[in-house]
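Report on the structure given below.
The values are calculated or read from the model by the stated rules, or taken from the named source; none is laboratory data. Since this is a predicted model, take the numbers as computed values, not measurements. Backbone-built Cβ (ideal geometry, glycine too); neighbour counts: all protein chains shown. Accessible surface areas use protein heavy atoms only, side chains included; no ligands, DNA or RNA. Shrake-Rupley method; radii C 1.70, N 1.55, O 1.52, S 1.80 Å.
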Amino acid sequence: PPAPGPRAMDPLAAITKAKKLTPEVVEQLRQARAKAGLDQNEHITEFTAYRFLKAAKFDVQNAATNLRNHGGWREQEGVEDLFEMTGPKAQAVLPVLKRVQEVYPCYWYGVDREYRPIEVKLMGRLSFGEVFGAASQDQLFGFLAHQMEQLIRVKFPACCIAARQLVDSTLTIVDLQGLSWWEMTNSNAKGFVSRLVNLQEKNYPETTGKVIIINAPSIFSAIWSFIKPLLAERTLAKISIFGCDAKQWKPALAKLVDADNLPTEYGGTAGTIDQCRASGSPEAPWNDPKILAELKTAKYIEIVRKVALGGDEALDGDVDDVMSDSGDWEVPMERSHRLSLVTLQPPVLSSRTPTSGVSLTANGAATAPVPGP
């Protein structure tokens with residue numbers, strides 16, 4: 001009889017090892033992908049499917065439904081075109097891209113001690129008049145979808161290479177200094193926040209690792225009462241809210257982030273907030289020339305799998321560690337383009353400056369983590 005051929009690689013081997021999944025969870029993941037009809041979809045990987053399964057509290061049917069809806073959303077919104085910045089959807093975003101970067105006060109800078117990308121949201125500086133004067137909601141959310149795809153396909157893989165371990169979540173710092181009641185309670189604001197939460201929770205669940213909200217004024221409690229019901233319990237458990245007393249929140253940031261990845265206003269040494277925002281984070285893994293060169297050599301998911309399996313030696317080592325006992329699981333063939341490294345230039349900062357916030361309490365020490373609902 002002919003000699004048996006090589007066993008096919010188990011496509012769930014990498015995530016099983018990285019997340020230390022039990023056989024029961026591996027089977028749930030396999031079923032969720034199959035029920036969603038997306039187990040051969042090149043753009044919805046096993047890592048994405050696991051995030052959906054985890055967000056659905058390991059309910060296979062709910063996870064499959066949500067994955068199917070996500071696949072439909074990707075097609076409807078032209079997410080692949082938005083990532084590559086090509087095609088009709090991207091052409092609608094490109095004319096306003098530069099201006100949106102200028103007026104939407106959010107930026108990425110460096111990594112925390114777990115090598116998670118750090119996003120800084122200067123929501124106290126946000127002017128919806130400026131934002132919606134620069135772009136329609138559809139254009140703005142096309143830009144935000146592009147940013148999320150860049151996170152999944154560029155920043156996370158770059159951080160995986162730098163850390164030599166799986167990195168698949170973020171640290172977000174939300175700075176509310178200068179927050180305006182009118183800005184956050186008008187109809188434009190509520191519609192934007194609802195759609196933003198929907199984008200994150202329904203299409204990119206479990207990408208948030210930790211959220212630190214700082215400089216929360218007294219009015220934020222009323223605003224939070226609107227936002228909180230929109231968030232999943234798992235997301236709420238990752239959020240901590242601090243008032244305007246820097247003595248309370250600076251130590252919390254220092255526990256998570258080295259000083260050279262924090263602006264001076266937050267107790268770091270990386271320069272001022274505006275300097276960090278304008279710099280484009282040149283020292284971050286996703287801007288490292290050697291890492292970028294490595295990312296260009298293979299599809300991003302191949303790099304993530306390789307790191308998750310244990311680094312450079314994983315695919316050439318003991319096959320028993322990475323192969324399935326049965327040969328009927330095939331690695332999905334990926335038709336996707338090689339990694340797109342669309343470079344967004346650092347924004348020219350708006351001249352709008354924050355005003356001082358108001359303390360949550362008399363001493364500004366509202367530091368307790370936000371409880372679940």
Two decimals is fine: what is log10 I(q)/I(0) at q = 0.25 Å⁻¹ for the range 74-173, from a Debye sum with one equal scatterer on every Cα and no solvent? -1.22
Semi-axes of the range 155-274 from the Cα gyration tensor (sqrt of 5 times each eigenvalue, largest first, whole Å) come to 25, 21, 12
Give the peptides 207-219, 271-283 in descending order of average Cβ contacts within 10 Å, highest first. 207-219, 271-283
How big is the Rg/Rh ratio for the range 1-121, C-alpha atoms only, Rh by Kirkwood, two decimals? 1.09
For the range 225-273, give the percent of accessible area contributed by carbon and sulfur heavy atoms, probe 1.4 Å, rounded to a whole number. 55 percent
Could you pull the Cα extents of the range 169-227 along its three principal axes, largest to smallest, in whole Å? 30, 24, 16
What is the range 188-275's relative contact order, in percent, from Cα pairs under 8 angstrom and six or more apart in sequence? 23 percent
Cross-link reach list, lysines versus Lys89, counting only Cα pairs under 28 Å and skipping chain neighbours closer than eight places: Lys98, Lys121, Lys155, Lys190, Lys202, Lys296, Lys299
Given an 8 Å cut-off on Cα distances and at least 6 residues of separation, report the relative contact order of the range 44-119 as a percent. 13 percent
Assuming 0.890 mPa s and 25 °C, estimate D for the range 215-291 with Stokes-Einstein, Rh taken as the Kirkwood radius over Cα pairs, in µm²/s. 165 µm²/s
